[in-house]
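The values are calculated or read from the model by the stated rules, or taken from the named source; none is laboratory data. Just so we're clear, the structure is a prediction, and the values are computed from it rather than from any experiment. Cβ: placed from backbone, ideal geometry, glycine included. Neighbour counts: every protein chain shown. The protein model used for the area step is the full one, side chains on, heavy atoms only, and it has no ligands, DNA or RNA in it. Shrake-Rupley method; radii C 1.70, N 1.55, O 1.52, S 1.80 Å.
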Amino acid sequence: MAEAKWYVVHTYSGYENKVKANIEKAIENRKLQDQILEVTVPMQDMVEVKNGVKKQVSKKMFPGYVLLNMVMNDDTWYVVRNTRGVTGFVGPGSKPVPLTEEEMIPLGIATPSKIVVDFEVGDSVTVINGVWENTVGVIKSINEHKQIVTINIDMFGRETPVELSFTDVKKVEF
């Protein structure tokens, strides 16, 4: 399978979050989770002063643009291009051009380094960080792109799914 890259989509100004929601809904409906991995509207925290009062606000870094981490093929191109509010991909003509590593660094988007894990679906793991620390659970799914595992833990007598980072769990050794 081809490698996922970051692409930029131009939208109507002010419709960035709506476009993001529409694309995420299309991904879910068409089961493209393994091809369109992430949809994001880059935000920047700023301090705004109005009438002498400082206020922390989040502003869009690039009004009118949405970033997509996706595998480019005819299906994904069609879904994104035909989403309401999208005017097109950024690139010459109709050919989308992926962002380079140098262009992604200032955006705070780093390609995650590949983490090699020694567990698989069905293995028991112990949570080593966070709220669920020292909890033992069974792995139900592994998402290598997002580097998370979904484990079932026993909470109030019920099995409850919890998503955790690869670095937050370790395999239970017997």
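Key figures
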{"read-out": "Coil-residue trypsin sites (Lys or Arg not before Pro) of the stretch 44-84, DSSP, other Cβ within 10 Å capped at 14", "value": "Arg84"}
{"read-out": "Probe 1.4 Å, accessible area per residue of the stretch 1-140, Å²", "value": "66 Å²"}
{"read-out": "Listed pairs Lys18/Lys60; Lys18/Lys59; Lys25/Lys50; Lys31/Lys140; Lys140/Lys171 exceeding 25 Å between Cα atoms", "value": "Lys25/Lys50"}
{"read-out": "Distribution of pairwise C-alpha distances over the stretch 63-174, 5 Å bins, in %", "value": "2, 10, 16, 15, 11, 10, 11, 11, 9, 3, 1, 0"}
{"read-out": "Three-way shape call for the stretch 4-66 based on the alpha-carbon gyration tensor, with the a/c threshold at 1.5", "value": "prolate"}
{"read-out": "Carbon/sulfur fraction of accessible area - the chain, other protein chains in place, 1.4 Å, %", "value": "50 percent"}
{"read-out": "Protection-proxy order for peptides 64-72, 150-158, each taking the mean of Cβ atoms within 10 Å per residue, highest first", "value": "64-72, 150-158"}
{"read-out": "Alpha-carbon radius of gyration plus Dmax, which is the widest Cα pair, for the stretch 1-139 in Å", "value": "18.9, 58"}
{"read-out": "Farthest positive-ward along the stretch 16-169 dipole, Cα basis, beta-carbon charges - from Ser141, Gln33, Thr167", "value": "Gln33"}
{"read-out": "Long-range amide H partners of Thr11 with built H, under 5 Å", "value": "Tyr65, Val66, Thr87"}
